[in-house]
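> Below you will find the structure I want to go over with you.
The values are calculated or read from the model by the stated rules, or taken from the named source; none is laboratory data. Because the structure is predicted, anything quoted here is derived from the model rather than measured. Neighbour counts are summed over all protein chains in view; Cβ atoms, including those assigned to glycine, are modelled from backbone coordinates with ideal geometry. Just the protein is used for accessible areas: all its heavy atoms, side chains included, with ligands, DNA and RNA removed. Shrake-Rupley method; radii C 1.70, N 1.55, O 1.52, S 1.80 Å.
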Amino acid sequence: MLNLPTAVEEITEETKRAFKAFDLQKKLEQAKLAVSCSDLSAIQAIQLPSECTDFKEGCKGRDMEGAVTLDWRVDPFASMSDLTLLVYDGSGSGGVPYYVHTLPLVHGGRKSGFVAEQMKIQQSGKLSHNTHAGDYKIEIYVPPLAAKHIPEFLDYVYGRELKITTSNAPPLRYLANRFDLRDLYKDISTKFIPVDLEIGTAPMYCTLADQLKDFELRDRAIKVMAERMDKLNINSVKNLSPRLMRSLVQCEKLECSSEELSEKVAIWLRLHRELEQARDEALIGDYNGMDESRNASASSVRKDDNETMTDEDFYWITHVQFMPKIAPSEALFYFKFGSQYPQVMNEVGSGSLKSRCLAAFSGKWAVDKLAAHVENKDAKPFDLYENLDLESKVELLEASMVGAKKMLTEKDEASKQQDAKDKDAKRSDEIMYKTNYESSSSSSPADKIMKVVVMGCGVQPANGIYIYKESGIDERTSSGSNLINNNTIVYEKEAIWNQKRVTFVLYPTTAGQYYSQHKLAVRQSNSQQTKTLYNSPTVMGLSGVIPELAWEVEGEMEGIHPPPQFVGKIEQPPAKSWNKSLTHSV
């Protein structure tokens with residue numbers, strides 16, 4: 001018998017073990033063809049042949065009872081990996097290899113339709129360049145964000161529990177779609193995201209989905225933010241790129257007033273400028289005075305073309321269609337910030353950003369602030385104004401002077417209108433008192449005149465005492481409503497409104513077959529046609545009862561709000577003088 005040195009004997013034993021491992025791998029491939037299960041329980045319990053008993057110590061892919069536990073994370077030789085998944089993320093640094101197993105990826109309950117299809121193609125020899133029948137390699141290209149979640153995705157395929165969160169739902173949804181794991185895609189898309197996607201998480205979904213080019217999810221997130229724009233914390237969208245911010249501002253579901261939108265966009269512009277400055281510092285290597293945590297944070301976000309604000313981005317984010325009015329408190333910021341984008345600020349016309357800024361700066365808030373600063377610069381500093389160039393200061397001062405003159409003119413006009421209203425009300429009261437006195441003097445104690453009082457309506461001359469008058473209006477009014485009957489009770493009040501003699505009329509009408517409604521209308525002195533101002537709520541029956549409360553304004557007439565706050569009878573005539581059906585008190 002040939003005696004070999006000890007070292008040679010050890011090499012020989014290692015060689016035998018290697019050949020046994022290859023033989024076991026072939027047997028395992030044969031075993032997995034017969035496996036068909038809904039989960040990995042059967043796969044993980046496959047028993048190796050007896051030849052494996054020599055490998056109990058140090059065999060990380062199995063336990064001490066001989067059962068195999070497939071694990072892509074362990075040494076590929078020890079786990080008997082038969083498939084290399086090469087993942088490229090577009091960074092140019094080469095693909096990252098993952099040494100996996102065809103058994104869970106092709107035959108398990110969480111199998112990948114993509115991998116199964118690629119395996120069929122390679123087995124048929126269409127794309128395979130391998131000389132060994134059991135050596136497979138699949139290459140796949142995914143976005144960088146998705147590539148970071150490949151390990152988590154593979155853990156799920158191998159049977160581990162998956163914890164879905166806001167931050168990993170978009171990349172896992174992408175990978176589930178890319179690898180054709182339909183159950184995982186359905187769980188994320190129809191169960192988790194609809195519950196988790198709300199105003200607080202929408203900005204993260206929008207940013208992550210955009211990185212993955214998942215446009216359907218991105219647009220859903222933008223819609224959620226647009227619908228609640230007035231409630232959106234603008235700090236949560238500071239990481240949105242200018243392109244995404246444009247999509248948000250231009251969303252047809254946007255719910256936000258123009259001035260409030262200008263305030264939110266101004267905050268975003270400041271935050272985005274700070275992020276751009278941090279990226280610039282990271283790119284040029286200017287880290288003097290920065291601690292390690294800030295250095296790492298700045299380096300983690302690299303500048304690209306999508307993150308740079310262009311003239312076109314700034315133009316659409318501040319477009320007059322979405323932001324016709326600038327908040328006075330932000331007008332000077334836009335005026336200063338816009339100097340970086342001359343193509344936008346050099347536009348002319350009332351809809352240009354410059355014109356809107358000057359118009360906003362001519363309002364009361366801005367004029368008062370600028371006047372206070374000019375009067376006492378030390379006590380009322382105004383840095384935004386002082387940092388402007390001389391030409392811009394002159395433009396703002398001119399706009400402020402025009403605004404101050406306009407405010408004075410409006411104040412004078414409002415004062416004149418109020419004086420006219422006061423005169424109308426005073427003359428109306430004089431007419432009312434005279435009419436009331438005459439009607440009371442001309443009637444006997446046994447035949448008192450029925451009266452109604454109207455209080456609290458926006459047309460001041462319409463308030464006061466209305467006196468009964470029979471057949472005071474046409475049978476059919478201008479509003480198209482029918483009177484209850486020809487002898488219906490009508491109340492009138494002579495007054496002055498808009499410096500013209502008018503008569504306010506209160507009368508009942510039918511509202512369907514079984515309901516009635518009262519109207520308060522106005523009639524010019526030279527016309528019999530009435531124009532309805534207010535409507536009472538409808539009441540059942542044709543009794544002529546006047547509803548005291550809940551009156552409403554007719555249509556959208558301007559300057560007559562609010563409707564009467566109270567309407568009620570103040571005197572009751574004898575029942576024998578009137579139609580009994582119309583004499584019930586309120």
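> Output the residues belonging to segment 118-158 that are among the acidic types (Asp, Glu), at pLDDT below 90 and under 30 Å from GLN211 (Cα atoms).
Hits for segment 118-158: nothing passes.
> Hey, among the residues in segment 308-335 that are open to solvent by 30 Å² or more (accessible area, probe 1.4 Å) and acidic (Asp, Glu), which one's nearest to ASP368 (Cα to Cα)?
The residue in question is ASP311.
> Within the bounds of segment 415-423, is there any residue that is without any contact (Cβ under 8 Å) to a residue 12 or more places away in the chain, of a type in the set (Lys, Arg) and not in a helix (DSSP H, G or I)?
No, every residue in segment 415-423 fails to be without any contact (Cβ under 8 Å) to a residue 12 or more places away in the chain, of a type in the set (Lys, Arg) and not in a helix (DSSP H, G or I).
> If you don't mind, another one. Give the residue that is modelled with the highest pLDDT, with candidates limited to residues of segment 530-542 that are within 19 Å of PHE504 (Cα to Cα) and among the β-branched types (Val, Ile, Thr).
THR532
> Next question. Name the residue that is surrounded by the fewest Cβ atoms within 10 Å (Cβ to Cβ), counting only residues in segment 391-430 that are of a type in the set (Ser, Thr, Tyr) and either at pLDDT below 80 or touching a Phe, Trp or Tyr at 6+ places or on another chain (Cβ under 9 Å) (or both).
Ranking the candidates gives SER392 first.
> Then there's this: Which one of these is more than 17 Å from GLU152 (Cα to Cα), surrounded by fewer than 20 Cβ atoms within 10 Å (Cβ to Cβ), in contact with a strand residue (DSSP E or B) (Cβ under 7 Å, 6 or more places away or on another chain) and free of Cβ contacts under 8 Å to residues at least 60 places away in the same chain: PRO97, PRO76?
PRO76
> Name the residue that is nearest to the chain's Cα centre (by Cα), counting only residues in segment 325-351 that are more than 23 Å from MET407 (Cα to Cα) and in a loop (DSSP other than H, G, I, E, B).
TYR341
> Let me ask something additional. Take ARG228 and decide whether it is within 13 Å of the chain's Cα centre (by Cα) and among the basic types (Lys, Arg).
So ARG228 passes the test.
> Taking the options VAL545, VAL553, name whichever one is surrounded by fewer than 19 Cβ atoms within 10 Å (Cβ to Cβ), over 20 Å from ASP429 (Cα atoms), at pLDDT 70 or above and hydrophobic (A, V, I, L, M, F, W, C). Spell out how you get there, then give the answer.
On the way: VAL545 fails: surrounded by fewer than 19 Cβ atoms within 10 Å (Cβ to Cβ).
Going through VAL545, VAL553 in turn, the sole match is VAL553.
> Is it the case that TYR437 is of a type outside the set (S, T, N, Q), more than 27 Å from LEU506 (Cα to Cα) and part of a helix (DSSP H, G or I)?
It is false that TYR437 is of a type outside the set (S, T, N, Q), more than 27 Å from LEU506 (Cα to Cα) and part of a helix (DSSP H, G or I).
> Also, I was wondering about something else. Can you tell me which residue among LEU388, LEU370 is at pLDDT below 80, open to solvent by less than 70 Å² (accessible area, probe 1.4 Å) and outside any helix (DSSP H, G or I)?
Values: LEU370 fails: outside any helix (DSSP H, G or I).
Exactly one residue qualifies, and that residue is LEU388.
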